[in-house]
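Some notes on the structure that comes next.
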Amino acid sequence: MSEKIKLSPDEFRLLSLFQNVTTADARDCIIDEKMERVIFVVNKGQMGMAIGKGGSNIKQLQNVINKKIELVEHSDQPIDFVRNIFNSNMILEIKLTDRPDGSKQVLVVVDSKKKGLVVGKEGRNVDKARILAKRYFNITNVLVVSPEQLIKSEKM
């Protein structure tokens with residue numbers, strides 16, 4: 001992790017509520033006002049416990065806080081972590097690259113027909129990936145590209 005994560009009092013309260021309702025261990029909570037959602041980063045292997053039978057835990061939490069809840073399973077490996085943010089069934093490849101300015105970027109390669117689904121409505125999935133990749137691994141950008149776009153960018 002690039003630095004200690006600081007939670008606001010509201011995020012800390014939601015993290016505590018999450019752990020009481022689900023009994024799963026979450027390591028982070030992000031209130032995303034722009035997309036009207038709360039993102040929880042759950043410890044590896046605890047996703048099922050967090051979701052609950054038939055999604056019962058998530059439904060209960062959504063009713064209490066009146067916002068959409070999204071979960072991401074944590075990983076110490078940046079590529080695995082980014083894969084966990086998206087629907088991994090749709091991802092062909094993930095590349096972590098160093099940019100000339102010294103920053104890091106992730107390219108998520110997906111079939112061009114599925115790009116819209118991966119990006120999400122109003123870019124919500126990419127937005128979530130950017131927030132979390134920066135927060136955990138100091139990755140400055142996350143791009144979703146098709147194989148054709150990847151080939152073009154590698155030729156440049």
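Annotations
- Farthest toward positive dipole pole in the stretch 35-156 [+1 Lys/Arg, -1 Asp/Glu at C-beta], among 62, 142, 74: 62
- Computed with a 1.4 Å probe over protein heavy atoms only, the accessible area of residue 88 comes to about 50 Å².
- FRET efficiency for the residue 12 to residue 148 pair, using the beta carbon distance and R₀ = 35 Å, is estimated at 0.20.
- The 1.4 Å probe gives accessible areas that order 13, 124, 130, 37, largest first, as 13, 130, 124, 37.
- Paramagnetic reach from residue 19 (point 7 Å along Cα→Cβ, amide N under 12 Å) across the stretch 30-62: 43
- Once C-alpha pairs closer than 8 Å and six or more residues apart are averaged by separation and normalised to the residue number of the chain, the relative contact order reads 18 percent.
- One quarter of the surface of the convex hull around the alpha-carbon atoms of the stretch 1-68 equals 4.9 nm², the direction-averaged projected area.
- Dividing the C-alpha radius of gyration of the stretch 30-98 by 2.2 N^0.38 Å, with N its residue count, gives 1.24.
- Estimated translational D of the stretch 60-103 in µm²/s (Stokes, Kirkwood radius over Cα pairs; 10 °C; 1.306 mPa s): 122 µm²/s
- With only the Cα atoms considered, the chain has a convex hull volume of 121 Å³ per residue.
- Computed from label points 7 Å out along Cα-Cβ, the spacing between residue 4 and residue 33 is 2.5 nm.
- Sequence of 36, 73, 148, 11 from largest to smallest accessible area, 1.4 Å probe: 36, 148, 73, 11
- Antiparallel content of DSSP bridges confined to the chain, in %, to 5: 50 percent
The values are calculated or read from the model by the stated rules, or taken from the named source; none is laboratory data. Predicted model, so just to flag it, every value in this text is computed and none were measured. Neighbour counts run over all protein chains shown; Cβ positions are idealised from the backbone, glycine included. Side chains are part of the model used for accessible areas, which takes the heavy atoms of the whole protein and leaves out ligands, DNA and RNA. Shrake-Rupley method; radii C 1.70, N 1.55, O 1.52, S 1.80 Å.
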